[in-house]
Amino acid sequence: MATTDRLPTGPVTAERAPLTLPDDLSALGHARDAVRDVCAAFGGDSASAELVATELVSNAVRHGGPPIELRVEADVSAGSLRIAVSDGGGGEPAIGAPSATTPGGRGLLLVDAMSDRWGVERLEAGKRVWAVVHTAAT
């Protein structure tokens, strides 16, 4: 369930420097690459985290605005990845209730289902949407 808490902190043992992403759908591949890089550094399984990162970045591209920045940090002791995507847009991300025939609107449903927790932080200009995803070592 979404919270308005701040992005959780903890011991970081692998991370990718903040990555400024393009304001188009090519950003999705860059996000997946960044998640795979961090997971590879500690042997974590990246599949769920890649999906969560893809959804967060997709929302930033579609509903936010530049600048879009991705931060990925691993907490190996907790077996988790912290994924944070900031954008320059306003608005409050919310889980929708799309009908069976609605082509979109399921991204945050996936994030909610696949993450341990997620939330939104208001920034001076824009917002940061973050999620914590379990990435058990392979």
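The values are calculated or read from the model by the stated rules, or taken from the named source; none is laboratory data. The model shown is predicted, which means the values in this text are computed figures rather than measured ones. Positions of Cβ are generated from backbone atoms using ideal geometry, with glycine treated the same way; all protein chains shown enter the neighbour counts.
Miscellaneous remarks
- Close pairs (8 angstrom Cβ cut-off, 6 or more residues apart or separate chains): over 25 Å from Glu121 (Cβ atoms) in the stretch 92-109, surrounded by 14 or more Cβ atoms within 10 Å (Cβ to Cβ) and not acidic (Asp, Glu) anywhere: Pro98/Arg106
- The stretch 55-99, residues that are under 15 Å from the mean Cα position of the chain (by Cα) and part of a helix (DSSP H, G or I): Glu55, Leu56, Val57, Ser58, Asn59, Ala60, Val61, Arg62, His63
- Within the stretch 114-138, the set of residues being loosely packed, with under 13 Cβ neighbours inside 10 Å, among the small types (Gly, Ala, Ser) and outside any strand (DSSP E or B) comprises Ala125, Ala136.
- Selection from the stretch 39-58 of residues that are within 19 Å of Gly90 (Cα to Cα) and crowded, with 19+ Cβ neighbours inside 10 Å: Glu55, Leu56, Val57
- Pairs are defined by a Cβ separation below 6 Å, a sequence spacing of at least 6 or placement on different chains, a first member in the stretch 22-48 that is among the aromatic types (Phe, Trp, Tyr), and a second member that is surrounded by 13 or more Cβ atoms within 10 Å (Cβ to Cβ); the pairs so defined are Phe42/Ala14; Phe42/Ala74; Phe42/Val76.
- Scanning the stretch 110-132 for residues that are in contact with a Phe, Trp or Tyr (Cβ under 9 Å, 6 or more places away or on another chain) and without any contact (Cβ under 8 Å) to a residue 60 or more places away in the chain gives a single hit, Val111.
- Put simply, of Ala74, Ala100, Ala94 the only residue that is modelled with pLDDT under 90 and closer than 18 Å to Pro18 by Cα is Ala74.
- When Gly104 is tested against the conditions (1) touching a Ser or Thr at 6+ places or on another chain (Cβ under 7 Å); (2) in a loop (DSSP other than H, G, I, E, B); (3) not hydrophobic (A, V, I, L, M, F, W, C), the lone failure is (1).
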